Amino acid sequence: MFEIETHISCLFPEILAIIFSYLDVKDKGRVAQVCTAWRDASYHKSVWRGVEAKLHLRRANPSLFPSLQTRGIKKVQILSLRRSLSYVIQGMPHIESLNLCGCFNLTDNGLGHAFVQDIPSLRLLNLSLCKQITDSSLGRIAQYLKNLEALDLGGCSNITNTGLLLIAWGLHKLKSLNLRSCRHVSDVGIGHVSGMTRSAAEGCLSLEKLTLQDCQKLTDLSLKHVSKGLNKLKVLNLSFCGGISDAGMIHLSHMAHLCSLNLRSCDNISDTGIMHLAMGSLQLSGLDVSFCDKIGDQSLAYIAQGLYQLKSLSLCSCHISDDGINRMVRQMHELKTLNIGQCVRITDKGLELIADHLTQLTGIDLYGCTKITKRGLERITQLPCLKVLNLGLWQMTDSDRVR
């Protein structure tokens with residue numbers, strides 16, 4: 001009998017496209033250079049589905065955007081921008097995601113020339129660290145990007161409450177807003193976003209994620225606005241917001257959809273604030289109070305009482321001890337990640353309690369816990385689901401070293 005020779009060149013283009021779809025971006029480009037058949041198969045849109053093109057726009061390249069459109073690429077990150085942004089928008093009229101993070105030379109004028117008509121396909125815009133962008137650009141965005149769902153303004157330090165009013169007026173479909181280190185933003189601006197000034201702007205009432213990290217002018221009034229207006233909010237980052245206090249936690253304690261709350265380095269949050277959160281109707285799965293130096297063992301008792309459904313808890317550098325661990329662990333059956341790095345009062349007794357009761361843990365941070373020894377670590381490493389163990393600065397003698 002004759003044997004039929006089988007070779008990869010015999011595969012149908014559809015099969016090749018399926019194979020190529022599993023390659024990383026560089027290899028997708030390389031296989032296109034092998035032969036005409038592979039090139040045609042590699043240009044199938046299924047191969048490039050979800051891929052973000054990373055571009056240096058330095059000189060004219062007439063074939064660039066037609067090539068991206070042929071492959072069905074609709075997500076672009078600009079690594080360096082030496083040409084007009086309008087060059088990108090005109091070349092990709094159906095763009096869905098535009099990442100301009102770190103394009104320091106982008107100005108209001110450049111963005112204004114790019115956004116001159118509706119771009120209904122654009123869903124995500126990242127302007128983080130575009131430090132020359134001001135409220136003027138937000139006016140353009142609010143006017144022409146009505147379908148935007150995610151806007152990142154992290155580090156855009158020239159943004160003010162006026163810019164947030166424009167966002168609240170035009171971007172009603174927004175689900176994610178990052179205002180990290182927008183230090184001119186105050187309670188008034190958060191009120192605009194939360195729909196507290198309906199006569200001027202409806203607000204971004206569909207928000208599910210709000211990042212207010214390092215917004216130093218915010219007070220508990222902002223939290224009141226958020227709790228009243230943003231009923232769909234799931235993730236709230238207030239880290240390094242020194243102006244919020246325990247009283248603000250009362251407002252947050254009844255946000256039924258809130259899943260993740262970050263209070264890292266909020267210096268005025270104490271055990272009382274945790275009590276307010278625990279006494280409400282929250283269903284938090286993630287809580288971070290790391291570096292809140294007024295958080296102690298009493299907070300762990302409150303967490304066990306009212307926030308026992310947590311899956312992730314970060315307490316790094318808090319003033320907690322083995323006693324606090326003892327008061328918490330028996331109720332935290334769903335906890336998977338526990339970060340207690342630099343909690344220098346934790347000893348082997350605390351680790352034994354964790355090993356006995358937190359059997360679902362997949363990760364634990366013990367960085368800088370200087371009072372633990374080989375005995376406690378041996379108990380922790382016996383946790384059945386443990387995948388991540390961070391020891392960091394933990395020190396031991398050769399005779400104590402875990403083998």
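Structure notes:
- Across region 215-231, computed HN-Hα scalar couplings (Karplus, 6.51 cos²θ - 1.76 cosθ + 1.60, θ = phi - 60°) run 8, 6, 8, 6, 10, 4, 4, 4, 5, 5, 4, 4, 5, 7, x, 9, 6 Hz from first to last residue, x flagging Gly and Pro.
- Förster radius 56 Å - calculated FRET efficiency between Cys35 and Thr381, Cβ distance, rounded to 0.05: 0.60
- Residues whose amide H comes within less than 5 Å of that of Asn339, counting only those at least five positions distant or on another chain, are Leu313, Ser314, Leu315, Asp365 (H built at 1.01 Å from N in the peptide plane).
- With Cα atoms, 0 to 90° folded angle of helix 135-144 axis to the chain main axis: 60
- Charge dipole (the chain, unit charges on Cβ, about Cα centre) - positive-most of Val76, Leu179, Cys343: Val76
- With all protein chains in place and a 1.4 Å probe, the accessible surface of region 51-244 carries 50 percent carbon and sulfur.
- Under 5 Å from the amide H of Gln309 lies no amide H of any residue 5 or more positions distant or on a separate chain, with H modelled from the backbone and absent for Pro and chain starts.
- Charge dipole of region 310-371 (Cα centre as origin; +1 on each Lys and Arg Cβ, -1 on each Asp and Glu Cβ, all else neutral): 120 debye, rounded to the nearest 20.
- Averaged over its residues, region 244-403 has an accessible area of 44 Å² per residue, based on protein heavy atoms and a 1.4 Å probe.
- For region 132-271, lysine pairs separated by 8 or more sequence positions, or belonging to different chains, with Cα-Cα distances below 14 Å total 9.
- Here Lys374 is the anchor, and the aspartates and glutamates within straight C-alpha reach of less than 20 Å, apart from those fewer than 8 places off in the same chain, are Asp322, Asp348, Glu352, Asp356, Asp365, Asp398, Asp400.
- Rounded, prolate or oblate (a/c below 1.5 giving rounded, otherwise prolate when a/b exceeds b/c) for region 310-359 by Cα gyration tensor: oblate
- 5 angstrom amide H check on Ala201, placed H, neighbours 5+ away: none
- Between helix 161-170 and the chain: long-axis angle, C-alpha atoms, 0 to 90°, nearest 10: 60
- Carbon + sulfur, % of accessible area of region 248-403 - ligands and nucleic acids excluded, 1.4 Å: 47
The values are calculated or read from the model by the stated rules, or taken from the named source; none is laboratory data. Computed from a predicted structure; not experimentally measured. With ideal geometry, Cβ positions are generated from the backbone for all residues, glycine too; neighbour counts draw on all protein chains shown. Just so you know, the surface numbers come from the protein's heavy atoms only, side chains and all, with ligands and any DNA or RNA stripped out. Shrake-Rupley method; radii C 1.70, N 1.55, O 1.52, S 1.80 Å.
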